[in-house]
Amino acid sequence: MDLDELRAFLAVAKTGSFLAAAQELRQPRATLRRRVNALEARAGVTLFERSNSGVSLTQPGALLADNGRELLQQAGALLSSLREVDSEPSGELRVVLPEGAPVTGLTPLIQVMRMRYPKLRATIHFSDDPLRAQDDFHLAAHFGVRTPKGPWTAFPLARMRMGLLASADYLRRNGTPERVEDLAEHTLMSWLCPSEDPGRWPCANGHYCEVEPAMTSANSSLLRRCAHAGMGIAMVPDVGMPDVGNEDSEALVPVLPEQVGRAHDLRLVIHEALASSPRLSAIVRETQRFVDMMRAAETRVEKLCARLQDGRSRIQSAFEQSAV
């Protein structure tokens, strides 16, 4: 199958007319007509019903449209893989992330990628449903266990806990909740997590608690800033890194950590046809290596904090005994 003919057909099928497809591809309309006619002659079937108002797909055309994009993507992946053999990853890397995903860890990751692969150009977009946008991107990240239909490969990237956080100042002024029921007496803020209801918070017992947030947002950084400002208790993801712009502020305090919250998986999804691409394979490996490094650093910090706390308790106990 001629790839130029297939590309012309898919553009016309997507836009509904030769004129719109010609404008999208920036090619003469006559060229597109010639390529679609050649494809119909090659297939031996009519792919479009033509009319003065545009075109519509026939049954064979609809079948080709459903599968043609994947064929085009596989061909592109193969050609890309051939060009990248024994060469440094280069070119454009298109990535789509879930709307509302915490972006705190993106900056150091991008810095690492730029140092490792200076010839790569990254284009990063956000979508409320990254799996829907995969036709236009090389890599997509998404939350949860849902896997896309079709030939996709998913890599576990990170596990982030979503829980309640508040500033120490807010808790001093308003009291610290001791039970889930106490949340009704507080100002609540909720993250718009993809595929989750911001008015239903997950509990450790497997149930949900119904809440009425005073504020909801897909921007987790905004909610954390509001929590730092003492505006209320926020249900947000915790990536274990300092909040950008609040590095010097007092750390946020976990609220009801044993009763409210859950872990969320973040997965990296790639089309099987692209999984063999040296460029994308290198990016996946580097991303996973970076996440593992951040996890190890977080674990070391937690152990150090625990040792410091234990040492402080021992010193205080010894001081109290000597005073007696």
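The values are calculated or read from the model by the stated rules, or taken from the named source; none is laboratory data. Fair warning: this is a prediction, and the values are worked out from it, not measured in the lab. No Cβ is skipped: glycine too gets one built from the backbone with ideal geometry, and neighbour counts run over all protein chains shown.
Points to keep in mind about this one:
- Looking across segment 210-237, the residues that are over 21 Å from the mean Cα position of the chain (by Cα), surrounded by 17 or more Cβ atoms within 10 Å (Cβ to Cβ) and either of a type in the set (V, I, T) or more than 23 Å from D169 (Cα to Cα) (or both) come down to V211, I233.
- Residue count for segment 110-121, restricted to those that are surrounded by 15 or more Cβ atoms within 10 Å (Cβ to Cβ) and under 15 Å from the mean Cα position of the chain (by Cα): 0
- Of all the numbered requirements in (1) in a helix (DSSP H, G or I); (2) surrounded by 15 or more Cβ atoms within 10 Å (Cβ to Cβ); (3) of a type outside the set (D, E, K, R), N37 misses one, and that requirement is (2).
- Listed here are the strands (runs of 3 or more DSSP E) enclosed by segment 123-208 that have at least 3 residues being more than 28 Å from D66 (Cα to Cα), in contact with a strand residue (DSSP E or B) (Cβ under 8 Å, 6 or more places away or on another chain) and at pLDDT below 75: 152-166.
- Evaluation of T216 against (1) among the hydroxyl-bearing types (S, T, Y); (2) modelled with pLDDT of 85 or more; (3) in a helix (DSSP H, G or I) (one fails), failing number: (3)
- Here V301 clears all of (1) at pLDDT below 65; (2) touching a helix residue (DSSP H, G or I) at 6+ places or on another chain (Cβ under 9 Å); (3) in the same structural domain as V112 (by TED's automatic domain parsing) except the condition numbered (2).
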